[in-house]
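Peer 1: Handing you this structure, nothing more for now.
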Ligand SMILES: [Zn+2]
């Protein structure tokens, strides 16, 4: 054997040795013989690698160094991205994307599908990622989608750019029908894309109905085209957030049609929970007190963990920071200043709720109740959910945690990796 992972707990609970030969699992049994390399899992879980089925590596790590988003909305995001697109270079895209990929690998990902914006005469991002796909093949399975961020039918040269992207090595045909100017153009886009995919033997992955508009119904057309072109199992509808706005009868029909056609769905919980529902006026049911509106009205808002592994909430660790992270998402508080405000809710506001009249701040004369985080700013704290390195009460250390130490393979060596941009521009 080339590698034996000893005492690995398999997902169904039994503990075994797993032997690897020529890159494949050769044996799963107790007490396997010696191998060239051995890892002792010590009873820890062994699973398949994580798969990130939807990311935009070309735009990764552009905030806050290159641009920001004041409102935190999807449309401002597209606008900000198109402003910096002309300045992209192959080296710049590769540097940022490589970093993002290594972060994912270090956290358990074995495969990544990246959409790559091809609404660019130079196809800079795609050319960069095609190179990276080959360079990083030893560490990760990277798949590239030709993604027409600004449309195909209504964007100048949109069809020619999509064809050029396939020529340049994109693995998957992407799309964005709801972004075209009219419904008819959206339908035409899908018809054109599916024909392109069928002609070149490519998979399909379309940003479909990523809107709250209950009249955005392109995904049913995707199902029909999947059947017409015989592409069952080879087509993915990404985002499909309009589904949460459909009436129950239509939603029922749609689920049946998608299953029958063999169309997969990829959900993007982190981004869509902050991007969607922004036009709702009321009642906006997020399942949480409307903290953004309350805060804007001058109400003091603090946060709680509520439950840890109890009959109301079977997960949880007692991390208030994690509750703040969720509040940022569910509360639509991703605007640049809003994020720091969430951290205040988790700290100073909570003190004010518990001890009215004795406001806390970090100042001389105040009680020495403090935390040193493995992060450099409140916003970075909310991004990283870092270790609380030292927790201090009345000047005494009452808890301490070693931060995680990560390494990734670069060439032949394992090198240290921190989840902060190499540029040194950290969040916030
Ligand atoms: Zn996307």
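Peer 1: In nm, what is the difference between 0.36 nm times the number of residues separating residue 50 and residue 89 and their Cα-Cα distance?
Peer 2: Working: separation 39, 0.36 × 39 = 14.04 nm, distance 2.97 nm.
Result for the pair: 11.1 nm of gain on full extension.
Peer 1: For segment 122-192 and segment 300-332, write down the distance between their C-alpha centroids in whole Å.
Peer 2: Distance between centres, Cα-based: 38 Å.
Peer 1: Report the FRET efficiency, 1/(1 + (r/R0)^6), for residue 36 and residue 422, where r is their Cβ-Cβ distance and R0 is 25 Å, rounded to 0.05.
Peer 2: Values: r = 33 Å, r/R0 = 1.33.
Efficiency at R0 = 25 Å is approximately 0.15.
Peer 1: Follow-up. Where in segment 354-381 does the amide nitrogen come within less than 19 Å of the point 7 Å from the Cα of residue 396, taken along Cα to Cβ?
Peer 2: 367-372
Peer 1: Next up: Could you list 307, 208 so that the one with the fewest beta carbons within 10 Å of its beta carbon is first and the one with the most is last? Mind dumping the intermediate values first?
Peer 2: On the way: 307 13, 208 29.
In increasing order of surrounding Cβ atoms, one gets 307, 208.
Peer 1: Percent antiparallel among DSSP beta bridges with both residues in the chain, to the nearest 5? Spell out each step's value before the answer.
Peer 2: Working: 24 of 55 bridges.
Here the share of antiparallel DSSP bridges comes out near 45 percent.
Peer 1: Related question: If I stretch the segment between residue 75 and residue 313 completely, what's the gain in nm (0.36 nm per residue apart, minus their alpha carbon distance), one decimal? Intermediate values should be presented prior to the final figure.
Peer 2: Numbers: separation 238, 0.36 × 238 = 85.68 nm, distance 3.45 nm.
Length gained, residue 75 through residue 313: 82.2 nm.
Peer 1: R0 = 30 Å: FRET efficiency of residue 293 with residue 187, Cβ-based, nearest 0.05? All intermediate terms of the calculation are to be shown ahead of the outcome.
Peer 2: On the way: r = 38 Å, r/R0 = 1.27.
Rounded to the nearest 0.05, the efficiency is 0.20.
Peer 1: Is the shape of segment 281-361 rounded, prolate or oblate, going by the alpha carbon gyration tensor and its root eigenvalues a ≥ b ≥ c, with a/c under 1.5 for rounded and a/b larger than b/c for prolate? It would help to have the intermediate numbers written out before the result.
Peer 2: Numbers: a/c = 1.67, a/b = 1.10, b/c = 1.52.
Here segment 281-361 falls in the oblate category.
Peer 1: Take every Cα pair under 8 Å in the chain that's 6+ residues apart, average their separations, divide by the length, and report that relative contact order as a whole percent. List each step's numbers first, then the result.
Peer 2: Details: 719 pairs, mean separation 43.8, N = 428.
Computed value for the chain: 10 percent relative contact order.
Peer 1: Now for a separate question. Please give the peptides 348-354, 373-379 ranked by average Cβ packing (other Cβ atoms within 10 Å per residue), highest first, as a rough proxy for protection.
Peer 2: Values: 348-354: 15.7, 373-379: 18.7.
Taking the mean over residues of other Cβ atoms within 10 Å, the ranking is 373-379, 348-354.
Peer 1: Using a Förster distance of 35 angstrom, determine the FRET efficiency expected from the C-beta separation of residue 360 and residue 267, and round it to 0.05.
Peer 2: Values: r = 39 Å, r/R0 = 1.12.
Computed FRET efficiency for residue 360 and residue 267 comes out at 0.35.
Peer 1: Among 39, 308, 166, what is the fewest-to-most ranking by other Cβ atoms within 10 Å? Could the numbers behind the result be given before it?
Peer 2: Numbers: 39 15, 308 12, 166 18.
If I rank by nearby Cβ atoms, fewest first, I get 308, 39, 166.
Peer 1: Follow-up. Rank the residues 295, 91, 117 as a footprinting-exposure proxy: fewest other Cβ atoms within 10 Å of their Cβ go first. Each step should come with its number before you reach the end.
Peer 2: Working: 295 19, 91 10, 117 25.
So the residues, fewest neighbours to most, are 91, 295, 117.
Peer 1: Would the chain count as rounded, prolate or oblate if I go by the C-alpha gyration tensor, calling it rounded below 1.5 in a/c and otherwise prolate when a/b exceeds b/c, oblate otherwise?
Peer 2: Working: a/c = 1.66, a/b = 1.19, b/c = 1.40.
Here the chain falls in the oblate category.
Peer 1: Extension gain residue 135-residue 21, at 0.36 nm per residue separation less the Cα-Cα distance, in nm? It would help to have the intermediate numbers written out before the result.
Peer 2: Working: separation 114, 0.36 × 114 = 41.04 nm, distance 2.37 nm.
Net length gain for the segment: 38.7 nm.
Peer 1: Also: Can you compute the modelled spin-label distance between residue 215 and residue 7, with each label point 7 Å from Cα toward Cβ, in nm?
Peer 2: So the label points at residue 215 and residue 7 sit 6.4 nm apart.
Peer 1: Which of rounded, prolate, oblate describes segment 379-428, given a ≥ b ≥ c as roots of the alpha-carbon gyration tensor eigenvalues and a/c under 1.5 marking rounded, otherwise prolate only if a/b is larger than b/c?
Peer 2: Details: a/c = 3.87, a/b = 1.76, b/c = 2.19.
Oblate is the answer for segment 379-428, as a/c is 1.5 or above yet b/c matches or exceeds a/b.
Each reported figure results from applying straightforward, stated rules to the coordinates on display, with no laboratory input. Everything numeric in this text was worked out from a predicted model, so none of it was measured. Note that each Cβ is placed from the backbone with ideal geometry, even for glycine, and that neighbours are counted across all protein chains shown.
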